[in-house]
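Contents: one structure, followed by commentary.
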Amino acid sequence: MKQADIHKTCPPHLRSTMMALCDVSAKLSIRIARGALEENLGKAVGDNIGGDEQKALDIIADDAYSAALAAAGLRYYASEEQDDVVTLDPTGTLALAIDPLDGSSNIDVNVSIGTIFSIFPAGEDGNSSFLRPASEQIAAGYFIYGPQTVLLVTYGKGVLAYTLDPKTSEFTCTQDSLALPEDSSEFAINASNYRHWPKPIRAYIDDCLAGIDGPRSKNFNMRWVASLVAETHRIISRGGVFLYPGDQRNGYAQGRLRHVYECAPIAMLVEQAGGKATDGIERILDLTPSTLHARTPFIFGTPTKVDRVRTYFDLPHEEISALFGSRGLFRA
């Protein structure tokens, strides 16, 4: 495939990698659109190292990307679906981290899913290529498979958007300087976990839910898709804030999103679009993961909203406790 617009807008040293990503994603888009006509893409086939259930499409996507990127000369390949870093081409100069199929729990219900990726200069070995500050990424982006298949990518100088033309299987640049709206009345969080959240998160959400009669003096809408790509695409398009905090459940102390494969690339993309991304307190791009599959709490979106969440973590414990004495989620 030609992918002429990608070739024109992508830095030369990233072209072969980006062309391979686009070619695989264009083919995946067709396969996803065919759904049950193709095969049972949502069939459970096992579990990955993090204990998440793998679907057939997770493995199909992982195999397709690794094969294409090996042919494109990529040195190191780190996938959410693989236990360890894979060396594809020892002579390559780049390392790529990927969530081959984000939101796979939504395959069977025809909700937008996607692919998340980030690119680093290759390090001395596989692990050191990825266990480094997220600020050292040189590119990051995602493909979203929805009513349209769209690529959002940053090479460190703003965010570009490309739309897949299903007639030609080429990605055409449709926006060259995406920016988050400055304000929004939307927030995204899984409210079913309210009882497990830390008090600062509960206090923030309580104030949103109190609406025009509460301290924010404004009504808000809640959104939750359970697909990080879909949540990110909405927030970059319409503004707002996404929250996936750590909580009290076993295995959720650091949330469930992986630093390398999900949070770091989305954080870079969001910041390049004028937003902010933190773990509630610290900037994600300043953090270094301890392991390939390390998790981190993740809050991103419109800067004023992300900053406001931070203020709840800065409140003294006694003050937050007092808030719950008067306006918890289930209190009158």
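The values are calculated or read from the model by the stated rules, or taken from the named source; none is laboratory data. Remember, predicted model here, so these are calculated numbers, not experimental data. Counting neighbours? That spans all protein chains shown, and the Cβs are built from the backbone with ideal geometry, glycine included. Surface areas here come from the heavy atoms of the whole protein model, side chains and all, with no ligands, DNA or RNA. Shrake-Rupley method; radii C 1.70, N 1.55, O 1.52, S 1.80 Å.
Cβ-Cβ distances below 6 Å connect the following pairs, each with a first residue in segment 20-41 that is closer than 15 Å to Lys167 by Cα, a second residue that is open to solvent by 40 Å² or more (accessible area, probe 1.4 Å), and a separation of six or more residues or different chains: Asp23/Met1; Arg31/Glu38.
Results for (1) among the aromatic types (Phe, Trp, Tyr); (2) over 19 Å from Phe130 (Cβ atoms); (3) in contact with a His (Cβ under 8 Å, 6 or more places away or on another chain), shown as yes or no for each residue.
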residue	(1), (2), (3)
Ser16	no, yes, no
Ala36	no, yes, no
Asn48	no, no, no
Leu57	no, yes, no
Tyr65	yes, no, no
Glu80	no, no, yes
Ala95	no, no, no
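Can you run down the residue pairs with Cβ atoms below 9 Å, 6 or more apart or on separate chains, where the first is in segment 201-222 and farther than 18 Å from Ile281 by Cβ and touching a residue at least 12 places away in the same chain (Cβ under 8 Å) and the partner is β-branched (Val, Ile, Thr) and loosely packed, with under 13 Cβ neighbours inside 10 Å? Pairs that qualify, where the first residue is farther than 18 Å from Ile281 by Cβ and touching a residue at least 12 places away in the same chain (Cβ under 8 Å) and the partner is β-branched (Val, Ile, Thr) and loosely packed, with under 13 Cβ neighbours inside 10 Å, are Lys218/Ile212; Asn219/Ile212. Against the test of being open to solvent by 40 Å² or more (accessible area, probe 1.4 Å) and without any contact (Cβ under 8 Å) to a residue 12 or more places away in the chain, the options Asp176, Asp108, Asp165, Asp183 yield a single qualifying residue, Asp165.
How many residues does segment 54-65 hold that are under 24 Å from Ala294 (Cβ atoms) and either crowded, with 21+ Cβ neighbours inside 10 Å or free of Cβ contacts under 8 Å to residues at least 40 places away in the same chain (or both)? Residues in segment 54-65 being under 24 Å from Ala294 (Cβ atoms) and either crowded, with 21+ Cβ neighbours inside 10 Å or free of Cβ contacts under 8 Å to residues at least 40 places away in the same chain (or both): 6 in total.
Inclusion of Gly42 among residues that are in a loop (DSSP other than H, G, I, E, B) and modelled with pLDDT of 90 or more is not warranted. Do you know which of the residues in segment 236-262 that are part of a helix (DSSP H, G or I) and without any contact (Cβ under 8 Å) to a residue 60 or more places away in the chain is most open to solvent (accessible area, probe 1.4 Å)? The selected residue is Arg238.
Identify all residues within segment 266-279 that are part of a helix (DSSP H, G or I) and under 21 Å from Trp224 (Cβ atoms); write none if there are none.
If the condition is that a residue be part of a helix (DSSP H, G or I) and under 21 Å from Trp224 (Cβ atoms), then Ile266, Ala267, Leu269, Val270 are the ones that fit.
Within segment 280-297, none of the residues are assigned to a helix (DSSP H, G or I), open to solvent by 10 Å² or more (accessible area, probe 1.4 Å) and free of Cβ contacts under 8 Å to residues at least 60 places away in the same chain. Quick check: anything in segment 68-86 over 20 Å from the mean Cα position of the chain (by Cα), of a type in the set (Lys, Arg) and surrounded by 18 or more Cβ atoms within 10 Å (Cβ to Cβ)? Yes, because at least one residue in segment 68-86 is over 20 Å from the mean Cα position of the chain (by Cα), of a type in the set (Lys, Arg) and surrounded by 18 or more Cβ atoms within 10 Å (Cβ to Cβ).
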